[in-house]
Amino acid sequence: MTQFQATPEPHKNPISGEQPEIETTKATLVEAINLALAHSMQHDENVVVLGEDVGTNGGVFRATVDLKSEFGLRRVMDTPLAETLIAGITIGMASQGLKPVCEIQFMGFIYSTVEHIVSHAARMRNRTRGRLTCPMVLRAPYGGGIHAPEHHSESTEAMFAHIPGLQVVVPSSPARAYGLLISAIQSPDPVIFLEPKRIYRSVKQNIVNNGEGLPLETCFTLKQGDDITLISWGAMIQETLEAATKLEEQNIHADVIDVASIKPLDMTTILASVERTGRCVIIHEAAKTCGVGAEISAQIAEKGLLSLLAPIARVAGYDTIMPYYRNEDYYMPSTQQIMEAALKTMAFQ
Amino acid sequence: MKIAADFTIPYYQYLSDEGKPLDSFPEQLCNTDLWVRFYKHMVLVRTFDQKVVALQRTGQMGTYPSSLGQEAIGSAVGFSMASDDVFVPYYRDQATQLLRGVPMEDIMRYWGGDERGSVFTGDAKEDFPTCVPIATQITHAAGIATAFKVRRQRRAVVTTCGDGATSRGDFSESLNLAGTWQLPMVVVVNNNQWAISVRREEQTAAETIAQKAISAGIEGIQVDGNDPIALLHVLNHALEKAHNAKGPTLIEAISYRLCDHTTADDATRYRSAEELSKGWEREPIKRLQNFLYGKKLWDEDQEKQLIASCKEQVQSAVEVYTSIESEPAEAMFDYLYADLPQALEEQRADVIHKASNMRRGA
């Protein structure tokens, strides 16, 4: 994580992660993932990719398309259909100094990897006092809103955020997906990299394919305003930005923070913003109870209570099983809900 | 009806339970020096285990799994591996770890509640630490073997597990991958008949554990796990295959757990004294000792000297172990990540403060 010491302090000098338009490629979020993988593989022969259907098929979402033809089957491995195994061999490879990037096809199938991630990947450096390490990335598409079958829509990032030794990263735009994945691959410690699949192809952005990473330990301030802080990550950034734009029509100016690094949390940026605005709404797709929003809220209460002018609000998924797709829109936090929560927070005296 | 496929599982034994040769030994193993070294090492391991159990009984050690009765398996693994191979143990592998150069005091430190016990050097510098979650180490071994393959290295991985571990998905998934990718890997099952209190027969209806290799398309061998010569023979074969890109092997080594599962267990709750005494009739140290006596390669004086020197060696390790100071409290933060995240700085400072209060008795 020290490789990013040169990064400006985000609360003083906000960086959006969007890059200037020079020598750029237009890419969607999933294409940006592919560019970051290819660039990393070109520049470091220790980087290998493995998972189900990642080879010839290029991944079910095409995140690994063409990597096999470019880098060969020694570095792009179609594994048997066994997620426990994928996580376990990734750890073994990482202990040998490879930088494996494994794909779990959907977050709904991640649970059989949990023993390996929690009991081994997260602990390897600690339990060997630094003798063996685990520089791996586990990528998985997550979240709802794409009318997928059962088990294909959940957001359980908080589960991993609870585990000491892990880093949990969620990009919310093509440029940030590129920069954050580059850094995740270079990280000397394990990263759970969760890709919001609802916005895999929703926008194209200019990407400078120069292998430059973005810091893993900071939030990104996407919009500045002094009236209210809107905090979110992943696909919900879309609705959050939309709400911020609508609030402007009512002359309410929001600070919009993309948390991006779910673990470790950059509370410095969040607290600085809340100190300025005194009001905040946390928005996430995951179930409300014990979601990452609860942790952010608790830390604001611990360290920023006196700057609060209104109670912290959370707009989150319900504490229910994600409905099948006919009813998934009832579950997904909406722009309307964010607006209502923001206006209520603003009105509080 | 035609036979779609047909399989057999070979079984190897060269020494009878009484230590009499049943067959002529493979040429490679007609090595009197190796026999004696093997014997000495097993005696050292037994002395070590006895001492560590005694430390636990007197409150100087945490929960400990002895390898009593299974010393031959770990010794054979250690004597067979090349120094640049990688060993991925489970939790009853003292015999191998000592041969890989892990100091006795480090094994004691691991079980004595000190993470520094897994900072291996020498041959063991890339070896995995002791693995408590059952069978997970086998998938890590498959990953290391994959790394060797990716880098075109002529190295092998040896991993071990107990009979209970063969019921787990990690075991099957790893064997399946090892076969599919022809990984340079040897899996040794220490079939000591008991998974804590559950018998081998209650783990699987399979006639042998070795035949689980067949479903993965790899070679499966059963061996008398208390017979050093047979163990060395099958391990040499499996490692030669692995070093020459000839694929993985599953070895089922049949032994018997003469001790409790760990010091926290009481095996009298679930197995009879009669069964245990039968186990003692087949144990490996007596067997090899009888063989060496028969060959006039060993005598009572040497035996006395060996026991004295083993005790001395173990005792000096105990002195190192008991004299080592604990790590500072903040060590729990210092190896969590390459660099401590800013988010954890406050907690680290807090534990330093807490530790200083504790030292002052506050």
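The values are calculated or read from the model by the stated rules, or taken from the named source; none is laboratory data. The shown structure was predicted, so the numbers you read here are calculated from the model rather than taken from an experiment. Note that each Cβ is placed from the backbone with ideal geometry, even for glycine, and that neighbours are counted across all protein chains shown.
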**Fill in**
Residues in segment A:60-72 that are over 19 Å from the mean Cα position of the chain (by Cα) and of a type outside the set (D, E, K, R) total 6
**Prompt:** Got a sec? Which helices (runs of 4 or more DSSP H) wholly within segment A:116-201 have at least 1 residues that are touching a strand residue (DSSP E or B) at 6+ places or on another chain (Cβ under 7 Å) and away from chain B (no Cβ under 14 Å)?
**Reply:** A:157-161, A:174-186
**Prompt:** Restricting attention to segment B:255-271, does a residue exist that is closer than 30 Å to residue B:20 by Cα and in a strand (DSSP E or B)?
**Reply:** no
**Asked** Which condition does residue B:153 not pass, out of (1) part of a helix (DSSP H, G or I); (2) within 10 Å of chain A (Cβ to nearest Cβ); (3) over 13 Å from residue B:87 (Cα atoms), if it passes all the others?
**Response** (1)
**Members of segment A:220-237 that are surrounded by fewer than 24 Cβ atoms within 10 Å (Cβ to Cβ) and in a loop (DSSP other than H, G, I, E, B)** = A:224, A:225, A:226, A:227
**Message:** Against the definition (part of a loop (DSSP other than H, G, I, E, B) and at pLDDT below 95), how does residue B:17 come out, yes or no?
**Reply:** no
**Fill in**
Being farther than 16 Å from residue A:230 by Cα, touching a residue at least 12 places away in the same chain (Cβ under 8 Å) and in a helix (DSSP H, G or I) narrows A:302, A:328, A:295 down to just A:328
**Residue list for segment B:133-156, filter: on the phi > 0 side of the Ramachandran plot and buried (at least 18 other Cβ atoms within 10 Å of the Cβ)** = B:135
**Request:** Could you please let me know if residue B:317 is of a type in the set (A, V, I, L, M, F, W, C) and within 14 Å of another protein chain (Cβ to nearest Cβ)?
**Result:** no
**Request:** State the number of residues belonging to segment A:87-115 that are within 9 Å of chain B (Cβ to nearest Cβ), assigned to a helix (DSSP H, G or I) and in contact (Cβ under 8 Å) with a residue 12 or more places away in the chain.
**Result:** 10
**Request:** Search segment B:90-133 for residues being hydrophobic (A, V, I, L, M, F, W, C) and more than 10 Å from chain A (Cβ to nearest Cβ), and hand back the single one that is nearest to residue A:132 (Cα to Cα).
**Result:** B:102
